[in-house]
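Input: a single structure, listed below in structure tokens.
Computed from the coordinates by the stated procedures, all read-outs in this text should not be read as laboratory data. Here the structure is a predicted model, which means the values were calculated and not measured. Methodologically, a virtual Cβ is constructed for each residue, glycine included, from the backbone with ideal geometry; neighbour enumeration extends over all protein chains shown.
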Amino acid sequence: MSGHAGIVVVGAGECGARAALSLRDNGYPHPVTLIGDEVHLPYERPPLSKQMLLAEAFPSAPTVLGDLMLRERAIRHIGETQVGAIHADARNVALSDGRSVAYEKLLLATGAAPRRLANVPPSPRILYLRTIDDAVALRPWIRPGMQVAILGAGFIGLEVAASARSRGATVTVIESQERVLKRGVPQAIAETIEGLHRNNGVVVRCGVTVRGIEADERRVAISLTDGAEIISDVLVVGIGAQPRTELAMKAGIMVDNGIVVNARLQTSVDHIYAAGDCCSFPHPLYNGRRLRLEAWRNAQDQGALAAANLAGATNDYEAVPYFWSDQFDHTLQIAGLVDEGYTTIRRDLSDGAFILFHLDEGQRLVAASGVGPGNKVAKDIKLSEMLIARRACPSVEALAADVNLKSLLPRAA
């Protein structure tokens, strides 16, 4: 490995860790360095709002890369360190501790950061959820007798609400939009999820905005524009995330709702790539529409593809977008982009589960969304994902009827 600077990955989350692993698993022979700003080894984030909050004894999040695997794969991990600057001409990155690390090629997998409340002083009773340390801070507040307020009814807010209610806390969710899960989730599924929360005792307040927030050593007071005031022991803020693009911007790399990359995940600087939550990329299934996806599957898939291209491949990113969320005993899954749909076809399954098929104006299947207890929708969403990838145009009659989706695949080949 000597004499070759190798590849440096900035960001040790799901995407960066998967990229480092993929480089080694596919035989990349030169140095691989993974740099992250957390003290922890790379870990999975989806359990933070679910298992990490629900377990009676505090669990550890599953690691993506443990010490043994790092040694076996000869991946150098530099943790608890910020990258202060990228020197693209010299091909090195400057670290916050004064060191610099040389590279041949660079991957930015810097992820996203929670959107913070403006004009609200920091308080131990106002929390966000992005890291293990955030989950550690939140756990003591979600137990019987606690009043938990949650600002934002997106995936994170509702997952925390379900976990907190399941552990016996009293929970109120505040959402400025007219319904929950406004972004990317069809109304029928959002209504099912909202009903699930209400049936489990969660108070859901939609269509109201916050006028002011005050926190002291005893409570958090949230005043709303409709005149109501909500008093809670803790406020969990889940109002979206912002891509971490500061490093790229300082280096002169093009940024527009994320670090701008081409179909191969290459930035405006040809030896620097970006992947995961931080990047904006064109998708061939949707006429090159530029997307930025904050999703576990996307982080995995882009990490692997970026690794291949950093090592010399020239592959385009074509994976079908996929999202999922577990809340109480239900799972919500979406393949594709719902807002690309023009016509929606519903198929009812057993136990109250259902699938929505979303067709564009040319009757091509562009998305499928479903919700139900347990894994009721998993098989049909997986088959739908395959149909979407093949640009299938299944008949409305077949989708509405109880036709096995697998039988539609050969016609789509």
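Brief remarks on what is shown
- Built amide H within the under 5 Å cut-off of Q242, gap 5+: A113, R115
- Rounded if a/c under 1.5, otherwise prolate or oblate - the chain, Cα gyration tensor axes: oblate
- In the chain, the calculated helix contribution to ellipticity at 222 nm averages -6500 deg cm²/dmol per residue, counting -39,500 (n - 2.57) for every DSSP H run with n ≥ 4.
- For the chain, share of DSSP beta bridges that run antiparallel, in % to the nearest 5: 60 percent
- Annotation note: trypsin sites (Lys or Arg not before Pro) in region 145-194 located in DSSP loop regions with a Cβ neighbour count of at most 14 within 10 Å are R183.
- Shape class of region 329-412 from the Cα gyration tensor (axes a ≥ b ≥ c, square roots of the eigenvalues): prolate, since a/c reaches 1.5 or more and a/b is larger than b/c.
- Check: region 116-239 dipole with +1 on Lys, Arg Cβ and -1 on Asp, Glu Cβ, in debye: 200 debye
- Once C-alpha pairs closer than 8 Å and six or more residues apart are averaged by separation and normalised to the residue number of region 111-216, the relative contact order reads 24 percent.
- When the C-alpha to C-alpha distance is required to be over 24 Å, the pairs from K50/K406; K50/K182; K105/K382; K50/K376 that qualify are K50/K406; K105/K382.
- Amide H partners (placed H, <5 Å) of A85, local residues excluded: A94
- Global form of region 203-270, assessed from the alpha-carbon gyration tensor, a/c cut-off 1.5: prolate
- In the chain, a dipole from Cβ-located charges (positive for Lys and Arg, negative for Asp and Glu) runs towards its positive end, and of I355, V10, V403 it is V403 whose Cα lies farthest in that direction.
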